[in-house]
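Before any comments, here is the structure.
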Amino acid sequence: MQPTITAYEYSTITQQVNHLVSVNRSVNDRQVRAAILAQTLDCITPLLPSAAPATEAFLTGLQVDWLTRADAAQLLETLVPMVVPFPQLTAKQLAKLFRKVKKLKQPTWADLKRYELTYLGWNDGGNQKKYLVAPYHDQLIGIQGELSPKTVKGVCAICQTIGNVALFMATTKASGLGTYTKKGNYICRDSNQCNRQLTDPQALTDFLTVVQPKRH
Ligand SMILES: [Zn+2]
């Protein structure tokens, strides 16, 4: 079966299910619990492939009296084969996306859960750099910039969630003359955490529109 769930839809499902677990732990009122369960099912059912046995098993698994965090984690795991993963790029493919970077630090692929990634982001801590690879108008683009070592609490421009963010100044070639402009945005320091919080890809697209290198 072809994977059909996007990474941000998977993040939505994960957040919904985790919310359901919290409700199960904290709310005793049967009616309230039933209402929250109905809401959860309404939200996530359209994101799952219809008439698939795995979907049915997942939805049935959620409809138990006391859903535990461990049960939920196990259920979410069953969806992973249905999620379209972020492509694993070779060093050569990455080099093409970051032509200006001489020694590109590679992402640690082994640590990445590609089914959680709407975009790929990694830090080169030593050089205070962040690299982003993201889908934009049906192709992957590379964005590089400086990441401030200072972490603050704030809203991330990409996932629109309050968390540990840092100022990211994209290095953008503004004209054919080779001058660079810098545009600053606060984004999550940890891009993997950012992806887990990213449920609406529109903000990512808007962010990329601002920071992408202009083509002439
Ligand atoms: Zn974020």
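Observations, loosely collected:
- Residue that is modelled with the lowest pLDDT, among those in segment 1-41 that are buried (at least 16 other Cβ atoms within 10 Å of the Cβ) and under 13 Å from Trp66 (Cβ atoms): Asn24
- Matching residues, segment 97-108, being free of Cβ contacts under 8 Å to residues at least 40 places away in the same chain and either under 22 Å from Phe207 (Cβ atoms) or surrounded by 11 or more Cβ atoms within 10 Å (Cβ to Cβ) (or both): Arg99, Leu104, Lys105, Gln106, Pro107
Residues checked against (1) more than 13 Å from the ligand (Cβ to nearest atom); (2) more than 15 Å from the chain's Cα centre (by Cα); (3) surrounded by 14 or more Cβ atoms within 10 Å (Cβ to Cβ):
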residue	(1), (2), (3)
Leu112	yes, no, yes
Tyr115	yes, no, yes
Gly121	no, no, yes
Lys129	yes, yes, yes
Ala134	no, no, yes
Pro149	yes, yes, no
Ile162	no, no, no
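- Taken over segment 168-188, the residue count meeting the criterion of being more than 20 Å from Phe98 (Cβ to Cβ) and either within 10 Å of the ligand (Cβ to nearest atom) or modelled with pLDDT of 95 or more (or both) is 2.
The values are calculated or read from the model by the stated rules, or taken from the named source; none is laboratory data. The structure displayed is predicted, hence computed values, not measured ones. Methodologically, a virtual Cβ is constructed for each residue, glycine included, from the backbone with ideal geometry; neighbour enumeration extends over all protein chains shown.
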